[in-house]
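Please read the structure below before turning to the comments.
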């Protein structure tokens, strides 16, 4: 368990906090050499009560992971989580100069899975993650990653990586919305001091 309290004497942007408190609980259990279970729960409260700001927010996150390594050269991992958040901030309508309150609610799930092959000197990792938010700004985000590495000597190796982000907004009532697919490729020289 850890707790962090932070405060500031001035906000730089309207959504900056003057007070932020974070409480995190983490736990893990290794049921066997080849089986590990872990969980995390976190709550972050932020606020800025200065005149003209009126910012207040809470974010709660719950997550769990299961890792299975039936052999030294193979490891599977699955995880799931849930996040819930609420925030509000005062604003003025530009056309009438009337005060208003912007309120957002976020509620979503995460799901991920991955595997690692460690066939020394070659390592291959694959990961798939999915985020879905059903809150004020609903979206889906899928991420995939494949990384392969080769340790040439004890001093250096090479690695190649491919990453994919596929983002889709579900609610078009806010305008055009955003949909995109991004691919990233990398080739790396790794030096071990």
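Read-outs: derived from the displayed coordinates by stated rules, not from any lab. Since the model is a prediction, treat every value here as computed from it, not as a measurement. Positions of Cβ are generated from backbone atoms using ideal geometry, with glycine treated the same way; all protein chains shown enter the neighbour counts.
Values for this structure:
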{"read-out": "Cβ-Cβ FRET estimate between residue 124 and residue 65, R0 fixed at 22 Å, reported to 0.05", "value": "0.60"}
{"read-out": "Among (1) 10.2; (2) 18.1; (3) 15.1, the entry that matches mean projected area of the Cα convex hull in nm² as calculated here", "value": "(3)"}
{"read-out": "Pairwise label distance in nanometres, residue 192 with residue 180, each label 7 Å out on the Cα-Cβ vector", "value": "3.7 nm"}
{"read-out": "Cα centroid separation, region 45-63 to region 79-101 (Å)", "value": "10 Å"}
{"read-out": "Percent RCO, i.e. relative contact order, over region 102-152, from Cα pairs under 8 Å lying at least 6 residues apart", "value": "37 percent"}
{"read-out": "Ordering of 55-66, 114-125 by burial proxy (mean other Cβ atoms within 10 Å per residue, highest first)", "value": "55-66, 114-125"}
{"read-out": "Cβ crowding within 10 Å averaged over residues, with 94-102, 71-79 ranked highest first", "value": "71-79, 94-102"}
{"read-out": "Percent RCO, i.e. relative contact order, over region 80-174, from Cα pairs under 8 Å lying at least 6 residues apart", "value": "20 percent"}
{"read-out": "Percent RCO, i.e. relative contact order, over the chain, from Cα pairs under 8 Å lying at least 6 residues apart", "value": "11 percent"}
